[in-house]
Each structure stands twice: as C-alpha cells, then as structure tokens.
C-alpha cells in the first residue's frame, strides 16, 4: 500500500497566538468558551479553539505513529495572517513558516508544509512566497476569504500568477465567513459545522464560475473538508450554469468538469460522503486529510474510511495522489 500523507493538518506557535491577541482587535479576540479552553472569536463568534497538541511537534509525531500516518503536510489554520498591519501580518506568517521549516529539518522523513503569506500585502506576500519555497515549503495556504475579499479579487492576481508559475498546490481552508454576526454563528459555535463549509463552498464555486481555473491552468486547489458542500451541490451548480446566463458568462464548460480539476480532502466523517467526493472529483483528486489536532480532528477515523475504499482508489487517496501533486 502507498504511504499515508496527511494534507490537512495544523500547527500553531505561542508567538503567533500572542501576536493575534495583541494585534487582532477590534474584530479578533481570545476568550474562554464552554469546556475551559480559550477560543479565537470573530466579532464575538467563536470559530477556532487552540488545543495543546497544536503547539507540540513531539506529540504530533507520536500520534502520527499511532495512527499509521507517514507524512504530514502541516499548515497554519484560520485566521492565518490576514488580520494585522503589513508589518504584523508578515511577522505572523514568518514565525509560522520558520517553525514549520525547523520541524521539516528535525523530521525530514515525516514533515512537509504549506507556506502562509500576508496575502493582503502583495509585495510582501510575493517575497515571503519566494523565501518559504527556498526554505522547503511544498504548497501555499490560503483562507476561503481574505479579510472578507474573494480569492478571485484582482488584488491577489499577481500572487496567483506566481503560484501558478510554480505549479504549487494551494490548500483553500475556511475561516469564519463574512457576516458571521448577522448569521448568528455565535450560537452553538455554528461556525465549525456550517460556517466553515459555507465559506469554502462559496469561495470555490466563485472560482469555478469566474473562469479562475482557466486563468491559472497549473494551479492545484485543494478544497478543505471534502470541498465543503460542493460534491452534494454540483448538480445544482450545473443546472444553474445551463439555465442562468450570468452563471455561464465566464466559462464554456459546466461546473462538474471543473470539479474534476479541484482536489478535496477526506475530512468528511461519513463513508458515503467520502464515496461522493470520489464520484464527483475522481479517484485521482481525493487526498487523505485528518484536521488533527483540532477538537474534531480524527487521524485514525479518516484513515479508516479511506482504507474502506476500493483497493485502487484507496492507494491513490492514502498517499499516491499527494506524492504526485507535491512531488514527494
């Protein structure tokens, strides 16, 4: 069987968290939530809870061993580095990139990483992309909205051009969606079950309808959490494209064809949903992911569902697809 490569798994540093606590206001704050842990809040709605294993590389390696995961491609989670001044955002990205580069040097057979960038500051983002790739980054991390702006916004075009030129995989990870307060996502911590998947679905659907994947043909987008709701909704995207002129204004192919160019991970928690991801995106475009060490992360469970796939598909999803796109 192929090695197990986890493409959706996160780490933090205490320095990054201190920067967020100091500079994240007025929108971001750190407050205690039910259960005793402190969660990061956006406009009063909790959406990300740092847990001890996010800061512990030794525990990560031990837990990878227990779960039979060979390689982790680690990334910074939300809200990434999109909340500060140019100086603060660059520092937040750099402290995380440097920490992950150190971990790769410490465990060269086990750790790879996605670079975080201060996307809202183009020149600095391009410089940090170059620096991170030289330090060993194998992909780029982006949130499904960048300070409320869409990924297709012209502000980010030159960054996307450089990522496309380098043919780097990009993990599109959700954050709290714009309008979280109005949507009442503070209730029941609804950002985790619904808000995140909504954020990813909206971002990637916009990329599909916008012709984004045609503009950047070498781009490899990995849509987190099984592509949000898109595998379930792709028929609706298609019928709207066929019947609503505005939906097909920028593309000549139906959305279902673009879903065959998008990668999704296995962080879906049901076997039939994972089967749907394979059906919609193709066996070559589904990747093992765990969301470890988030409170709902599950290395063994996600791998059990991957291993229940038909043998040829299983080996691709376990790691062969990741080996190909990350050139491992």
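The values are calculated or read from the model by the stated rules, or taken from the named source; none is laboratory data. Everything numeric here is computed off the predicted structure, so don't read it as measured data. Every residue, glycine among them, receives a Cβ derived from its backbone with ideal geometry; neighbour counts consider all protein chains shown.
Computed values, structure above
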item: Test set (1) in a loop (DSSP other than H, G, I, E, B); (2) in contact with a strand residue (DSSP E or B) (Cβ under 6 Å, 6 or more places away or on another chain); (3) at pLDDT 95 or above - residue 176 fails condition number; result: (3)
item: Subset of the range 224-242 (residues that are surrounded by fewer than 24 Cβ atoms within 10 Å (Cβ to Cβ) and closer than 16 Å to residue 253 by Cβ); result: 234, 235, 237, 238, 239, 240, 241, 242
item: Verdict on residue 169 being surrounded by 16 or more Cβ atoms within 10 Å (Cβ to Cβ) and more than 16 Å from the chain's Cα centre (by Cα); result: no
item: Residue among 277, 281 that alone is touching a strand residue (DSSP E or B) at 6+ places or on another chain (Cβ under 6 Å) and over 17 Å from residue 8 (Cα atoms); result: 281
item: Residue 33 closer than 22 Å to residue 142 by Cα and either modelled with pLDDT under 95 or touching a helix residue (DSSP H, G or I) at 6+ places or on another chain (Cβ under 7 Å) (or both); result: no
item: Residue match in the range 75-89 (condition: out of contact with any strand residue (DSSP E or B) (no Cβ under 7 Å at 6 or more places or on another chain), buried (at least 24 other Cβ atoms within 10 Å of the Cβ), within 11 Å of residue 13 (Cα to Cα) and touching a residue at least 40 places away in the same chain (Cβ under 8 Å)); result: no
item: Residue among 201, 132 that alone is without any contact (Cβ under 8 Å) to a residue 40 or more places away in the chain, under 17 Å from residue 93 (Cα atoms), buried (at least 23 other Cβ atoms within 10 Å of the Cβ) and under 19 Å from the mean Cα position of the chain (by Cα); result: 132
item: In the range 48-63, the residues that are in contact with a strand residue (DSSP E or B) (Cβ under 6 Å, 6 or more places away or on another chain) and buried (at least 19 other Cβ atoms within 10 Å of the Cβ); result: 48
item: Lone qualifier among 318, 256 - being touching a helix residue (DSSP H, G or I) at 6+ places or on another chain (Cβ under 7 Å), crowded, with 17+ Cβ neighbours inside 10 Å, assigned to a helix (DSSP H, G or I) and on the phi < 0 side of the Ramachandran plot; result: 318
item: Looking only at the range 1-38, and only at residues there that are free of Cβ contacts under 8 Å to residues at least 12 places away in the same chain and in contact with a strand residue (DSSP E or B) (Cβ under 6 Å, 6 or more places away or on another chain), the one that is farthest from residue 111 (Cα to Cα); result: 32
